[in-house]
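Participant: Quick one: this structure, given as structure tokens, is what I'll be asking you about.
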Amino acid sequence: MGTNLARKILGAHLVEGELTPGTQIAIKIDQTLTQDASGTAAYLQFEAIGLPRVKTEVSVSYVDHNMLQMGFENADDHRFLQSTAYKFGLYFSRPGNGICHQVHAERFAVPGKTLVGSDSHTPLCGGLGMIAIGAGGLDVAVAMGGGAFYLIMPKILGVKLTGKLQPWVSGKDVILEMLRRLSVKGGVGRIVEYFGPGVDSLGVIDRTTITNMGAELGATTSIFPSDEQTRLYLEAQGRGASWSAWSADTDAEYDELIEINLDELEPLIAQPHMPDNVVPVREVAGIPVQQVSVGSCTNSSYRDLSIVAYVLKGKAVHPNLSFTVSPGSKQVYATVARTGALADMIDAGARMLESACGPCVGMGMAPPSNSVAVRSFNRNFEGRSGTRDAKVYLASPETCAATAITGVITDPRDLGDYPRIEMPARFDINDTMIIPPAPESEADAVEILRGPNIKPLPRFGQLEDTLSGEVVLKVGDNITTDHISPAGAKVLPLRSNLPALAEFTFERVDKTFATRAREAVSGFIVGGSNYGQGSAREQAALAPRYLGIKAVMAISFARIHRSNLINFGLVPLLFRSQDDYKLVDQADQLEIPNVREQLKAGPEVVVKNLTKGLEVTLTHNLSGHELEILLDGGLLNHLKVKAANN
Ligand code: MIC
Ligand code: SF4
């Protein structure tokens, strides 16, 4: 039997372990990316590791999230990031150049390579035949320093694509179909690999939409082959030399297999408040809409905006709604300006925003109270838009554009002829917004520019012998990192100021959490299944730890958040059943005696519930490497211990 593509690339980068699903492996990382919201902490951590320069083939520091400069904070972070990039040997993509994933695909992605990024949508570049994985900033800092990236070898889920997308159906509908079938937990512990005859008909843009939003499946990453379509895309970027062919063997084996017939897909839409709450657009057509937004790293390419412009040309945005468009990159923006698509959108009444994450991360454009918004984005978690009672739907740019002119959710197939959008054979390449690093010989003299909002990293001790305290919060299933550490215009600028940021922890779930956690001094969180899904933000682990949380007990964890917990010294423990989960309530006093010894002795960990007078046996699935990190009180401590022992 032949080998699938994911195993080929992982195999070529393997530095520890064997490619057996469920076991720990470590891989060499060729490229890294960070964005500003996670990057400030990542570079503080890189600084703490103590290396003068990055050791990767390419590392890029992007600014795309914190772009609303309502005070000095974001602007100071931009300056800090520019100076650290220059000093440490990274490319710096300036604010205005675009969303990290879109720009990385355009200017840096190379088929067959590995990429880790401190953002959960890093898998977008899997659309060009890379293994691209989202991780916490600290893991990315380690990779920048040449350290291996540790992960549990996922199962490879093969998705055989047959047929061809019908008019008005696009990449977004493919990934919404995946979410409809598999749910937001369906990809956990898996790499999703697309193959089969249907792949040829999908351009790189549709592919990257699909791999980007594979993050919402909980997948480790998603990947497409690198083929003729990839070559054309890279040629158009003036980077034909970076292309090489990568695909699975024709008789490749997969751990699991599903099939999607593209012929049968119709326009789909995710209803509030989860990306897997998917139905055909026609089932909800007619619902009045107050806001439509096209943009985000999922759907903000030249193709996406050209379709929107085609639909809007000569028409007007419906008077009852507001329509925003955020081009994914400067290249996309400049290209739609040159083709005239930009004028068509502006004429129709589109509110053009800058090339950035913008409304996707609650940076402005919060919808009205109790309204309906339809967005081409990837996440519709409750409150993420900035309006708690807004009902956010996720759909393709086609569906968004159709809705923008009718004022109600509209199946784009009602619009008539589907245009053929020709991708430029060659984009106008202009990299003036990407600043290369200082020459190595000058790096020493480069000063890092720090503003007052950038606070030093906290220091934590090693894991205590006994953990005790109160269950400060008990929550249910599918808690996202947006619940734990929200984003948005008010909170995101505090990412580099942990004492201030920590006050917002769980704000949308329980406003008293931060105060109660601080008062408890030492405590626990209890979660349901898929705890910590969503973004890669390590602050969702760091802030609870800062407030005194010592362990999180859940039915299951999302991959990135679990790693972040370990990286910051919080013990992730698993309930063996729903019944056990019911044995621990909020405000119960718990004790985990001899926790260090218990963790070392095996998978079972006995937790005493002092309030209820009973014992619950939980489990852990820590690898040897993870256990060492946890015992040392987190990854930075562990690196110091290792350095001291060498
Ligand atoms: C998101 O989409 O939630 C973010 C903001 O891009 C996050 C990153 C962060 O919170 O820093 C992500 O997806 O990882
Ligand atoms: Fe930015 Fe939204 Fe993409 Fe996150 S999901 S990187 S906030 S555009």
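Participant: Considering only residues that are part of a strand (DSSP E or B) and under 23 Å from M178 (Cβ atoms), which ones fall in region 392-413?
Facilitator: V392, Y393, L394, A395, listed by residue number.
Participant: Considering each of Q24, Q31, Q69 in turn, give the residue that is in contact with a His (Cβ under 9 Å, 6 or more places away or on another chain) and modelled with pLDDT under 95.
Facilitator: Q69
Participant: How do the helices (runs of 4 or more DSSP H) wholly within region 451-530 filter down when requiring 2 or more residues that are modelled with pLDDT of 95 or more and of a type in the set (A, V, I, L, M, F, W, C): which remain?
Facilitator: In region 451-530, the matching helices (runs of 4 or more DSSP H) lie at 498-502, 513-520.
Participant: Can you tell which of T23, T56, T32 is touching a Ser or Thr at 6+ places or on another chain (Cβ under 9 Å), under 25 Å from E626 (Cα atoms), within 16 Å of ligand 2 (Cβ to nearest atom) and of a type in the set (S, T, Y)?
Facilitator: Step by step, each of T23, T56, T32 is checked, and only T32 is touching a Ser or Thr at 6+ places or on another chain (Cβ under 9 Å), under 25 Å from E626 (Cα atoms), within 16 Å of ligand 2 (Cβ to nearest atom) and of a type in the set (S, T, Y).
Participant: Have a look at A543, A554, A558 and point out the one that is of a type in the set (G, A, S) and either over 26 Å from V361 (Cα atoms) or without any contact (Cβ under 8 Å) to a residue 40 or more places away in the chain (or both).
Facilitator: A554
Participant: Return the pair list, or none, for Cβ contacts closer than 6 Å from residues in region 158-173 that are at positive phi to residues that are crowded, with 24+ Cβ neighbours inside 10 Å and at pLDDT 95 or above, at least 6 apart or on different chains.
Facilitator: Between residues of region 158-173 that are at positive phi and residues that are crowded, with 24+ Cβ neighbours inside 10 Å and at pLDDT 95 or above, the close pairs are W168/E398; W168/P412.
Participant: Among the numbered criteria (1) within 20 Å of H638 (Cβ to Cβ); (2) part of a loop (DSSP other than H, G, I, E, B), which one does S535 miss?
Facilitator: (1)
Participant: Do you know which of the residues in region 352-383 that are of a type in the set (D, E, K, R) and more than 9 Å from ligand 2 (Cβ to nearest atom) is nearest to N320 (Cα to Cα)?
Facilitator: Among residues in region 352-383 that are of a type in the set (D, E, K, R) and more than 9 Å from ligand 2 (Cβ to nearest atom), the one nearest to N320 (Cα to Cα) is R375.
Participant: Moving on. Pick out, from region 297-354, the helices (runs of 4 or more DSSP H) lying fully within it that include 1 or more residues that are free of Cβ contacts under 8 Å to residues at least 24 places away in the same chain and farther than 29 Å from D119 by Cβ.
Facilitator: Here the list reads 341-348.
Participant: With respect to P593, determine if the residue is touching a strand residue (DSSP E or B) at 6+ places or on another chain (Cβ under 6 Å), surrounded by 13 or more Cβ atoms within 10 Å (Cβ to Cβ) and at pLDDT 95 or above.
Facilitator: no
Participant: Shifting gears a bit: Quick check on region 36-53. Is at least one of its residues more than 30 Å from G624 (Cα to Cα) and either in contact with a strand residue (DSSP E or B) (Cβ under 6 Å, 6 or more places away or on another chain) or within 16 Å of ligand 1 (Cβ to nearest atom) (or both)?
Facilitator: Yes, the conditions are met somewhere in region 36-53.
Participant: Additional query: Scan region 361-387 residue by residue and report those that are among the hydrophobic types (A, V, I, L, M, F, W, C), more than 21 Å from L305 (Cβ to Cβ) and either away from ligand 1 (no atom under 14 Å from the Cβ) or without any contact (Cβ under 8 Å) to a residue 24 or more places away in the chain (or both).
Facilitator: A366, V372
Participant: When you go through Q69, Q82 one by one, which is the residue that is surrounded by fewer than 24 Cβ atoms within 10 Å (Cβ to Cβ), more than 15 Å from ligand 2 (Cβ to nearest atom), in contact (Cβ under 8 Å) with a residue 40 or more places away in the chain and not small (G, A, S)?
Facilitator: After applying the criteria, what remains is Q82.
Participant: Considering only residues that are over 19 Å from the mean Cα position of the chain (by Cα) and closer than 20 Å to L179 by Cβ, which ones fall in region 381-391?
Facilitator: Within region 381-391, K391 is the sole residue that qualifies.
Participant: Among the candidates G295, G238, which residue alone is touching a Ser or Thr at 6+ places or on another chain (Cβ under 8 Å) and on the phi > 0 side of the Ramachandran plot?
Facilitator: Criteria check complete, one pass: G295.
Participant: May I pose another question? Which one is nearest to I9 (Cα to Cα) among residues in region 21-52 that are of a type outside the set (A, V, I, L, M) and assigned to a strand (DSSP E or B)?
Facilitator: Q31
Participant: Here's a check for you: in region 284-305, which residue that is among the β-branched types (V, I, T) and buried (at least 24 other Cβ atoms within 10 Å of the Cβ) is nearest to ligand 1 (Cβ to nearest atom)?
Facilitator: T298
Participant: Can you find even one residue in region 395-402 that is within 16 Å of ligand 1 (Cβ to nearest atom), under 24 Å from the mean Cα position of the chain (by Cα) and of a type in the set (D, E)?
Facilitator: Looking for residues that are within 16 Å of ligand 1 (Cβ to nearest atom), under 24 Å from the mean Cα position of the chain (by Cα) and of a type in the set (D, E), one finds none in region 395-402, hence no.
Participant: Go through region 443-491 and count every residue that is away from ligand 2 (no atom under 16 Å from the Cβ), closer than 30 Å to A356 by Cα, touching a Ser or Thr at 6+ places or on another chain (Cβ under 9 Å) and aliphatic (A, V, I, L, M).
Facilitator: Total meeting the criteria: 4.
Participant: Can you name the number of the only condition in (1) more than 18 Å from the chain's Cα centre (by Cα); (2) under 29 Å from E235 (Cα atoms); (3) not in a loop (DSSP other than H, G, I, E, B) that K55 fails?
Facilitator: (3)
Participant: Among the residues of region 575-590, write down those that are acidic (D, E) and either assigned to a helix (DSSP H, G or I) or surrounded by 14 or more Cβ atoms within 10 Å (Cβ to Cβ) (or both).
Facilitator: Within region 575-590, D579, D580, D588 meet the criteria.
Participant: Give the residue, chosen from A540, A551, that is in a helix (DSSP H, G or I) and among the hydrophobic types (A, V, I, L, M, F, W, C).
Facilitator: Within the list A540, A551, the selection yields A540.
Participant: Of the residues V616, V606, which is loosely packed, with under 15 Cβ neighbours inside 10 Å, in contact with a helix residue (DSSP H, G or I) (Cβ under 7 Å, 6 or more places away or on another chain) and more than 30 Å from I191 (Cβ to Cβ)?
Facilitator: V606
Participant: Another one. Across region 492-519, which residue is nearest to L81 (Cα to Cα) among those that are small (G, A, S), more than 14 Å from ligand 1 (Cβ to nearest atom) and buried (at least 16 other Cβ atoms within 10 Å of the Cβ)?
Facilitator: A502
Participant: Next question. Among (1) over 25 Å from L494 (Cα atoms); (2) polar (S, T, N, Q); (3) within 13 Å of ligand 1 (Cβ to nearest atom), which single condition is S120 missing?
Facilitator: Failed condition: (1).
The values are calculated or read from the model by the stated rules, or taken from the named source; none is laboratory data. These numbers were taken from a predicted model, which means no experiment stands behind them. Glycine also receives a Cβ, built like all others from the backbone with ideal geometry; neighbour counts cover every protein chain displayed.
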